[in-house]
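Colleague: Mind looking over this structure? Questions follow.
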Amino acid sequence: MAAAALTGGRAHAATEAVRLICGFGVGNPTDLCAQLIQDGFSAALNEPVEFDYTLGQAGRRAALQVIDAAPDGRMLLIAEILNLALQETPAEPLLSRLQPIAKVTRGFSTALVVNELSDIRAWPYLVAAARANRLKAATMGAETTIGLLLALVERRLKLSFEAIDVAGTNAAVDMLLTRRADIAAVDTRTALLHNARNRTKLRVLATSGARRSPQLPDVPTLGELVGDEKLAYTISFGVFAPASTPSAVAHRLTAALLGLRTDRSVQTQARLANIPLQLDGPSAILEAVARDRRVAADLAG
């Protein structure tokens, strides 16, 4: 019955929209991705798609809401794949209770940055300064997709920073610009956007990706610095359904999202928002999950 309801196009009443649940607030990259795909997804399904927020527990509450939802394709999760891996516990797994529908972005890296006026001019200067003094680091925390890079540097290079907890990357940048922090962990997208728009620049010292960013060819990756390319990671976003969603329902949802590959309006909006939109099927999510679980396990030691 559930499968027939979804595959029947507008068999549901208009008020029973497909709900896309986001675990982070307005302006967060997860929210931006949801807004980006909403209209095109709705058009492809030929029925309304709404997105809503279930905040709390670093995205875990949103995941649990979808896990516990009816497996009829009417409630979906949009989330950072890496964040789901970081928020899992042995007592409360998340990814095994979700069915991947589609990966909606390429990965984008995170970065360690300093104020361009800092004496820390490149990575060796940071290591020397950290070993001479306890540098202040603005971070969202070791178990966040952004703060993970700083935590891995501390663990693998045996450095120690005085953590200053911040609520988001904008707050981290502000800590640097006002000289209340020596270094900050941010996503690379934020650093590049900041430098394009502001007079006082950020200096990027390292990124988390598997390869150097084309926009930052002189900046080393974490894998290069610690001599372990398996530590490379990026943040990518996916859409998920409850694990027991029937295959016919899941396939229809996947096909609708993959159809956005040829939607010029969505592609244009993604470029303007500097979001690396790339639609791929469930197998791409499974590949990202395997990598992200490996990195999360390394953090746990």
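Colleague: Would you work out if segment 68-168 is rounded, prolate or oblate? Take a ≥ b ≥ c from the square roots of the eigenvalues of the alpha-carbon gyration tensor; rounded if a/c is under 1.5, else prolate when a/b is larger than b/c, oblate otherwise.
Modeller: It is prolate, given that a/c is not under 1.5 and a/b is the larger ratio.
Colleague: Another question, if that's okay. At residue 271 and residue 165, where each label point lies 7 Å from the Cα along Cα→Cβ, what is the point-to-point distance in nanometres?
Modeller: 4.2
Colleague: When the Cα centres of segment 84-159 and segment 224-293 are compared, how far apart do they sit, in Å?
Modeller: 21
Colleague: Could I ask something else about it? Helix 282-300 versus the longest principal axis of the chain: what is the Cα-based angle in degrees, 0 to 90, to the nearest 10?
Modeller: Helix 282-300 sits roughly 40 degrees off the main axis of the chain.
Colleague: Something else: Checking the cross-link filter: which lysines have an alpha carbon closer than 29 Å to that of residue 103, excluding same-chain neighbours under 8 positions apart?
Modeller: Counting by Cα, and skipping residues close in sequence, residue 103 has these lysines nearby: 230.
Colleague: Straight-line reach from residue 136: which lysines have a Cα under 17 Å away, not including same-chain ones fewer than 8 places off?
Modeller: Straight-line reach from residue 136, under 17 Å: 158.
Colleague: Per residue of the chain, what 222 nm ellipticity follows from adding -39500 (n - 2.57) for every DSSP H run with n ≥ 4, rounded to the nearest 500?
Modeller: -12000 deg cm²/dmol
Colleague: Also, quick follow-up: For semi-axes √(5λ) of the Cα gyration tensor in Å, pick the label among (i) 33, 23, 17; (ii) 50, 25, 15; (iii) 37, 19, 16 that corresponds to the value derived from the coordinates.
Modeller: Comparing each candidate, only (iii) matches the computed number.
Colleague: Based on Cβ point charges of +1 for Lys and Arg and -1 for Asp and Glu, what charge dipole magnitude is obtained for segment 13-82 about its Cα centre, in debye rounded to the nearest 20?
Modeller: So the dipole magnitude of segment 13-82 works out to roughly 220 debye.
Colleague: For the chain, set up a Gaussian network in which alpha carbons nearer than 10 Å are linked by springs, and say which option among 232, 181, 132 fluctuates the most.
Modeller: 132
Colleague: Test of understanding: what is the full-extension gain from residue 16 to residue 299, defined as 0.36 nm times their sequence separation minus their Cα-Cα distance?
Modeller: Stretched out fully, the residue 16 to residue 299 stretch lengthens by 97.7 nm.
Colleague: Another question, then. Of all beta bridges DSSP finds with both residues in the chain, what is the antiparallel percent, to the nearest 5?
Modeller: Here the share of antiparallel DSSP bridges comes out near 60 percent.
Colleague: Right, next: Helix 247-258 sits at what angle to the longest principal axis of the chain, using alpha carbons and giving 0 to 90 degrees rounded to 10?
Modeller: Here the helix axis deviates by roughly 60 degrees.
Colleague: Right, another one. Within the set of other residues whose C-beta is less than 13 Å from the C-beta of residue 50, count the net charge using Lys and Arg as +1 and Asp and Glu as -1.
Modeller: So the environment of residue 50 carries a net charge of -2.
Throughout, read-outs are computed from the coordinates displayed, never taken from laboratory work. All values reported here derive from a predicted model rather than from experimental measurement. With ideal geometry, Cβ positions are generated from the backbone for all residues, glycine too; neighbour counts draw on all protein chains shown.
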